[in-house]
2 protein chains.
Amino acid sequence: MPVGTLVTMDPHLLRTFVTVARLASFSGAARELGYTQSAVSQHIAALEGDLGLPLLARRPVAPTRAGERLLEHARPLLLRLDAARADLTRMAAAPAGDLTLAAAPLAVHPDTLAALPATRVTLRVLPRDEIPAALAAGTADLGIVDGLAAPNDPLRLPDVAPLTATRVAEAPLAVHLPAGHPLAHRPGLRLGDLIDARWLDAPAAGLPLDRLRAAHGTPGFRPALRYDGTDVRTLTALAAAGHGLTLLPATIPPAPGATAVPLTEPRLVHRTELLRTGEPAGPAATVAAALTTPPQSARVGHPARRG
Amino acid sequence: MPVGTLVTMDPHLLRTFVTVARLASFSGAARELGYTQSAVSQHIAALEGDLGLPLLARRPVAPTRAGERLLEHARPLLLRLDAARADLTRMAAAPAGDLTLAAAPLAVHPDTLAALPATRVTLRVLPRDEIPAALAAGTADLGIVDGLAAPNDPLRLPDVAPLTATRVAEAPLAVHLPAGHPLAHRPGLRLGDLIDARWLDAPAAGLPLDRLRAAHGTPGFRPALRYDGTDVRTLTALAAAGHGLTLLPATIPPAPGATAVPLTEPRLVHRTELLRTGEPAGPAATVAAALTTPPQSARVGHPARRG
DNA sequence: CGACCGGCATCAGCGTTTCTGATCGAGGGT
DNA sequence: ACCCTCGATCAGAAACGCTGATGCCGGTCG
């Protein structure tokens, strides 16, 4: 299949456009990018002339409707471009002995830690959505991400670069409730029972509430206390203290004063996956192999192949 | 957050690289792209020099390991770039009166057809995975895609451009069996009961088998007859004739001599979604509104926001 | 009210990039 | 042995993209 025939839209122009939009200033963008203000002006003029549309309102500088749209295209495009470059230049360099692992907060499982070599390892905890970008940019060699999914369903991840995802583990889910909660003694809970409850909102550490809403197909799941850290023990403690419910993998023990009740419906699991760029090399390969004993691999770049 | 600082990797160079790789020929690519062979040679040299890696073996011309990797980056990149360009230039042109609708084979539902205006409409049936690209390229104004999904889960689609997906319908699933089949009189079937059966392999028309394997987490689901068309009636007839089983939305009636048995486990639905680029305008807006009476919208560009 | 100042547009000029066209060496087929 | 195709390389010409200077507009302050 032939790849398109248009091309143009020089990434340099896109980059200055994005910068101008972010700073709301031509001269500011020029300073940041190391250009003359004149050059920046010409860049924007070139883009607008090429597309036949005004992209920015001047005085004050703000993107037009078309400009907004171009930003939506340009930002991921530049991300991918940098990712491609980083990936390829990495292939040129010899594989270093050091290994950097980027992990989402709930994705670091004791088994995982046991599989790591003793030395020259950096473990970096990042928000889930930034891990693919970190891999792509070469900031990390291996990624561990987690999320809610139907059993055996791969996770949905931002598509910034051709990454390979491998299933590491799946665990059932449990709702953490304070011991005195009326539902705390049930053997199992359905998500529908808990729509009207108040939930901890912990986007960095836990499972985001909008994912629950999507899974159940309703709004609801009102946020109570918001926790911006990544520490899971704090989260369970908050649940024990009655600040709201949390849904966590069943492998996480509840804090004293709390109970973890298995979630029975819908059939969701907490899935963790290993992410890597292309062929693993050097120490990354060893760790990757150790983490994925039952190999169940899937490409995430083009998810629709499986849909 | 600032967008990366590297840039370079001129798309023109990437385009000639992709073309050279596809044609396995420098001069062939030159002919196709309207360059001199000399220019193509210099393009490749520039890329290789820039990255510090050989990308192509000469004589015969074939991508190296690094070249393969670059292709994986470059192809979606160019796709996105063209999509961005097409999207923006479309904004420049006045919205035409004509409406082109790209639909996956199983996604065209009677209700959908009823919602269409009487004139100036083109309905084009495409493989599911090509619909986002068609929208992005401006070949179609609206897309209708379908697929297997957990209830209330959005579909997984190739991420070529910022598209908006809206739920149109969800239907339960049914397995089509010949009337004489031992399981034909069951009230319901579980997917696990059918791993060892032979299945129709109809990637263009039906639900792909590898999606079933993913849903059940096992290999199995051996392909029997392969059907490359997109006609659903043929598919049901093939199932009736005993050429293999098919899984179809329960809204599709079985052919004479066949029975449709509801699928009870796992909890999967046949979901159809409406796709559009940014803000709908002109007649597309009317149709889009008509198709999505209960609005349940979601951005597909960055699926991880919900996971 | 007028001068000033910051910010974007425009222009000429020049250095660099990036084509073309010609030439060369290496293989492969006749 | 010859020719023909293919890719690499080189010199020159055209095109491109940057800088620095200048112009214009709007807001601000004496």
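I'd like the full set of residues that are buried (at least 22 other Cβ atoms within 10 Å of the Cβ) and assigned to a loop (DSSP other than H, G, I, E, B), limited to the range B:219-238.
The answer is B:PHE221, and nothing else.
Spot the failing condition for B:ARG85; the list is (1) over 23 Å from A:MET91 (Cα atoms); (2) within 16 Å of DNA strand C (Cβ to nearest atom), and only one is missed.
(2)
Looking only at the range B:142-194, count how many residues are more than 22 Å from B:HIS109 (Cα to Cα) and over 20 Å from the mean Cα position of the chain (by Cα).
Residues meeting the conditions: 18.
Taking the stated definitions as given, is B:LEU71 within 11 Å of another protein chain (Cβ to nearest Cβ) and within 11 Å of DNA strand C (Cβ to nearest atom)?
no
Any idea how many residues of the range A:24-44 are within 31 Å of the chain's Cα centre (by Cα) and within 6 Å of DNA strand C (Cβ to nearest atom)?
Looking only at that region, the number is 1.
Among the candidates B:LEU47, B:LEU56, which residue alone is within 16 Å of DNA strand C (Cβ to nearest atom), touching a Pro at 6+ places or on another chain (Cβ under 8 Å) and at pLDDT 90 or above? Before the answer, list the steps.
On the way: B:LEU47 fails: touching a Pro at 6+ places or on another chain (Cβ under 8 Å).
Just a single option satisfies the conditions, and that option is B:LEU56.
Output the number of the condition that A:HIS12 fails; it satisfies all remaining conditions of (1) within 10 Å of chain B (Cβ to nearest Cβ); (2) more than 9 Å from DNA strand D (Cβ to nearest atom); (3) not in a loop (DSSP other than H, G, I, E, B).
For A:HIS12, the failing item is (2).
For every residue, the table says whether it meets (1) within 15 Å of B:ALA107 (Cα to Cα); (2) open to solvent by 50 Å² or more (accessible area, probe 1.4 Å); (3) at pLDDT below 85.
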residue: B:ALA240; (1), (2), (3): no, no, yes
residue: B:ALA250; (1), (2), (3): yes, yes, no
residue: B:PRO262; (1), (2), (3): no, yes, no
residue: B:GLU265; (1), (2), (3): no, yes, yes
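Out of all the residues in the range B:74-85, which are basic (Lys, Arg) and in contact (Cβ under 8 Å) with a residue 40 or more places away in the chain?
Residues satisfying the conditions are B:ARG75, B:ARG80.
Return the residues of the range A:26-57 that are touching a residue at least 24 places away in the same chain (Cβ under 8 Å) and either of a type in the set (S, T, N, Q) or assigned to a loop (DSSP other than H, G, I, E, B) (or both); say none if nothing qualifies.
If the condition is that a residue be touching a residue at least 24 places away in the same chain (Cβ under 8 Å) and either of a type in the set (S, T, N, Q) or assigned to a loop (DSSP other than H, G, I, E, B) (or both), then A:LEU55 is the only one that fits.
From the list B:ALA29, B:ALA39, which one is more than 30 Å from A:ALA21 (Cβ to Cβ), within 16 Å of DNA strand D (Cβ to nearest atom) and surrounded by fewer than 22 Cβ atoms within 10 Å (Cβ to Cβ)? Full working, then the answer.
Details: B:ALA29 fails: surrounded by fewer than 22 Cβ atoms within 10 Å (Cβ to Cβ).
Among B:ALA29, B:ALA39, only B:ALA39 is more than 30 Å from A:ALA21 (Cβ to Cβ), within 16 Å of DNA strand D (Cβ to nearest atom) and surrounded by fewer than 22 Cβ atoms within 10 Å (Cβ to Cβ).
Please state which of the following conditions A:ARG22 fails to meet, knowing it meets all the rest: (1) within 16 Å of DNA strand D (Cβ to nearest atom); (2) open to solvent by 50 Å² or more (accessible area, probe 1.4 Å).
Result: A:ARG22 passes all but (1).
Name every residue in the range B:171-218 that is assigned to a strand (DSSP E or B) and open to solvent by 10 Å² or more (accessible area, probe 1.4 Å), in order of residue number. Spell out the reasoning first.
Going through the range B:171-218, the residues assigned to a strand (DSSP E or B) turn out to be B:171, B:173-178, B:189-190, B:198-201.
Scanning the range B:171-218 gives B:ALA171, B:PRO178, B:ARG190, B:ARG198, B:ASP201.
Take the conditions within 12 Å of another protein chain (Cβ to nearest Cβ) and of a type in the set (A, V, I, L, M, F, W, C) and apply them to B:LEU51. Does it pass?
yes
Can you name the residue in the range B:9-44 that is within 17 Å of A:ARG85 (Cα to Cα) and among the aliphatic types (A, V, I, L, M) and is also modelled with the lowest pLDDT among such residues?
B:MET9
Would you check which residues across the range B:45-64 are within 26 Å of B:VAL160 (Cβ to Cβ) and under 29 Å from the mean Cα position of the chain (by Cα) and list them?
Selection gives B:PRO63 alone.
Filter the range B:63-73 for residues that are within 13 Å of DNA strand D (Cβ to nearest atom) and touching a residue at least 40 places away in the same chain (Cβ under 8 Å); which is most open to solvent (accessible area, probe 1.4 Å)? Working first, answer last.
Initial filter on the range B:63-73 (within 13 Å of DNA strand D (Cβ to nearest atom)): B:63-64, B:67.
Narrowing further to those that are touching a residue at least 40 places away in the same chain (Cβ under 8 Å): B:63, B:67.
Details: B:PRO63: 42, B:GLY67: 0 Å².
Result: B:PRO63.
The values are calculated or read from the model by the stated rules, or taken from the named source; none is laboratory data. What you see is a predicted model; the values in this text were computed from it and never measured. Please note: Cβ atoms are built from the backbone with ideal geometry, for glycine as well, and neighbour counts cover all protein chains shown. Protein only, heavy atoms only, side chains kept; ligands, DNA and RNA dropped before computing areas. Shrake-Rupley method; radii C 1.70, N 1.55, O 1.52, S 1.80 Å.
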